[in-house]
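Structure first, then comments.
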Amino acid sequence: MKKRWRIAAAAALLALVCWCGWYSRPVSIFDLKPELEPADINIHIQRFDDSAQGYERRSLDVDANSPEGQALLEQVESIRIRRSPLNPLRNILASSFTGRQVQTGQYTYGIHVFGTGGGWVSLEFFLDEWKYDLPEQAQYLPCRVSDGKALGQALGDELWEIAQQIESNP
């Protein structure tokens, strides 16, 4: 009887280790929603500065089938995220927000890709952390990105310039 219990426990542990490895593998946000056919990209970005308000905001809405939209989709597709095996538990439990210090020139932005069939995926960068969201989730969940802070800041610079060009050419 003890031997069966040990075998079952070992099998369960092996299954858990395999699942954790599969779940935390590097994926694109689109790998999490493979049926999504992108139609529209909506981006909200803010850059922190020394103004009285403390930040400046911009937003852009791009057709996913336009050349600009295709270029943005390629960039988002190239970002590989690693989900934490704790995310399913985080999705059930409420999380708390803690205040963070910001510096001039840092970004926070959300990239929302909406599909033709009503689905969507979102990727968010906040100062130096990445999060993702899907319709099936109750909240944004954390993920890791290789060289995430540098990549997020560089993409923020690029998105900021694109948004400025769109706003200046109505």
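The values are calculated or read from the model by the stated rules, or taken from the named source; none is laboratory data. Keep in mind that what you see is a predicted model, and the values were worked out from it rather than measured. With ideal geometry, Cβ positions are generated from the backbone for all residues, glycine too; neighbour counts draw on all protein chains shown. Note: areas computed on protein heavy atoms with side chains; ligands, DNA, RNA excluded. Shrake-Rupley method; radii C 1.70, N 1.55, O 1.52, S 1.80 Å.
Annotations for the structure displayed:
- Strands (runs of 3 or more DSSP E) contained entirely in region 113-168, each with at least 1 residues that are open to solvent by 80 Å² or more (accessible area, probe 1.4 Å) and either in contact (Cβ under 8 Å) with a residue 40 or more places away in the chain or on the phi > 0 side of the Ramachandran plot (or both): 141-145
- Exactly one residue out of 40, 63, 31 is in contact with a helix residue (DSSP H, G or I) (Cβ under 7 Å, 6 or more places away or on another chain) and open to solvent by 40 Å² or more (accessible area, probe 1.4 Å): that is 63.
- Residue within region 74-84 that is at pLDDT below 85, surrounded by 17 or more Cβ atoms within 10 Å (Cβ to Cβ) and among the charged types (D, E, K, R) present: yes
- Whichever residue in region 43-60 is part of a strand (DSSP E or B) and more than 24 Å from residue 30 (Cβ to Cβ) and, among such residues, is most open to solvent (accessible area, probe 1.4 Å): 57
- Of the residues making up region 104-151, just one is of a type in the set (Asp, Glu), under 19 Å from residue 38 (Cβ atoms) and at pLDDT below 90, namely 136.
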